[in-house]
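To start, the structure itself, in structure tokens.
The values are calculated or read from the model by the stated rules, or taken from the named source; none is laboratory data. The structure presented is a predicted model; accordingly, all values stated were derived computationally and were not measured. With ideal geometry, Cβ positions are generated from the backbone for all residues, glycine too; neighbour counts draw on all protein chains shown. For accessibility, only protein heavy atoms count, side chains too; no ligands or nucleic acids. Shrake-Rupley method; radii C 1.70, N 1.55, O 1.52, S 1.80 Å.
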Amino acid sequence: MTSPCLLIEKKPPIAWLKLNRPELANALNSELLKALLEATHQIGLDKSIRIVVIIGSGLKFFCAGADLSERKNMTEAQVIDYHLLIQKTMQAIESMPQPVIAAINGSAYGGGVELALACDLRIMVEESNLRLPEVKLGIIPGAGGTQRLPRLIGKSKAKEMIFTGSPLSAKEGFQYGLINKLVVETPNASDTFHTPLIQSVTTWANEIAQAAPLSLEQAKLAIDSGFDKSLPEGLALETKSYLRLINTKDRIEGLAAFAEKRKPNYTGN
């Protein structure tokens, strides 16, 4: 489905998914979640796209989480349906074959933090913060926050962040390994999107995209599937992913390019 609340821009090798509800802090209503879900399926099949970036519009918020104005009119059954939808969307983002970068252009709360957690990498503007306030609202993070956050920053620090509902600054997130890169440059006040962030992400994404796309896919799969396994189980999964690359044209191209001292021309085959 096409939706004005999600702008999709394909600029191979990068696809940009731009949350476009700036008047509501890019909050996740059902329409936006469904658009994100469909975009993950479509872009996941596009071989011209090697990196996916999710960014929010405006300069203040990446995503404020669930759209409470929509939620307040929901029946109990509709709330459950919404919960299942947001979980399914986060899982689809996490499972994309391409690396996914969260370009956190402003503060992120609740489901907005969980959206960033579902991505593989996170780059964030320095003046913003992250917050999971759900326990103050009588609920808990329900889109993966209680599971993904401890895996990224450790159980104790994740409990502190969730139990207190206190904000975590971008600098703290970087120190804890939650944020991979910080952007300190400020945009023009009139910018619709955070231009310095977009420039930094574009440079980073193009650097990653120089790798063989099937190698990126299998590396991501091996890391994600083996993370919570024993070392022997993880090594077996790594071997399985490695063997999938043996007969690929890109592996042959990589060896030839190395021998000929030239840049490889990877096609994803």
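Could you look through the stretch 1-29, keep only residues that are of a type in the set (A, V, I, L, M, F, W, C) and over 18 Å from Val201 (Cβ atoms), and pick out the one that is surrounded by the most Cβ atoms within 10 Å (Cβ to Cβ)? It would help to see each step written out before you state the result.
Step one: list which residues in the stretch 1-29 are of a type in the set (A, V, I, L, M, F, W, C), which gives 1, 5-8, 14-17, 19, 24-25, 27-28.
Pick out the ones that are also over 18 Å from Val201 (Cβ atoms) and you get 1, 5, 24-25, 27-28.
Numbers: Met1: 9, Cys5: 21, Leu24: 17, Ala25: 22, Ala27: 24, Leu28: 28.
In this case the residue turns out to be Leu28.
Which ones in the stretch 72-104 are closer than 22 Å to Ala25 by Cα, β-branched (Val, Ile, Thr) and either in a helix (DSSP H, G or I) or open to solvent by 10 Å² or more (accessible area, probe 1.4 Å) (or both)?
Val79, Ile86, Thr89, Ile93
Can you pull out the residues in the stretch 181-239 that are of a type in the set (D, E, K, R) and either farther than 23 Å from Glu9 by Cβ or in a loop (DSSP other than H, G, I, E, B) (or both)?
Glu185, Asp191, Asp224, Asp228, Lys229, Glu233, Glu238, listed by residue number.
Among the residues of the stretch 190-207, how many are in contact (Cβ under 8 Å) with a residue 40 or more places away in the chain, over 17 Å from the mean Cα position of the chain (by Cα) and over 17 Å from Ser107 (Cβ atoms)?
So the answer is 1.
Show the residue pairs meeting these rules: Cβ distance below 7 Å; 6+ apart or different chains; first residue within the stretch 129-156 and of a type in the set (Ser, Thr, Tyr); second residue open to solvent by 70 Å² or more (accessible area, probe 1.4 Å).
Filtered contacts from the stretch 129-156: Thr146/Ile140.
Being among the hydrophobic types (A, V, I, L, M, F, W, C) and open to solvent by less than 20 Å² (accessible area, probe 1.4 Å) is the filter; apply it to the stretch 124-161 and report the residue that is farthest from Gly58 (Cα to Cα).
Ala158
For Ser69, which of the numbered conditions (1) assigned to a helix (DSSP H, G or I); (2) among the small types (Gly, Ala, Ser); (3) within 30 Å of Leu216 (Cα to Cα) fails to hold?
(3)
Provide a single number: the residues in the stretch 58-71 that are buried (at least 19 other Cβ atoms within 10 Å of the Cβ) and at pLDDT 90 or above. Give the steps one after another, and end with the answer.
Pass one, the stretch 58-71, residues buried (at least 19 other Cβ atoms within 10 Å of the Cβ): 58-59, 61-67.
Add one more test, that the residue is at pLDDT 90 or above, and what stays is 58-59, 61-65.
Of the residues in that region, 7 qualify.
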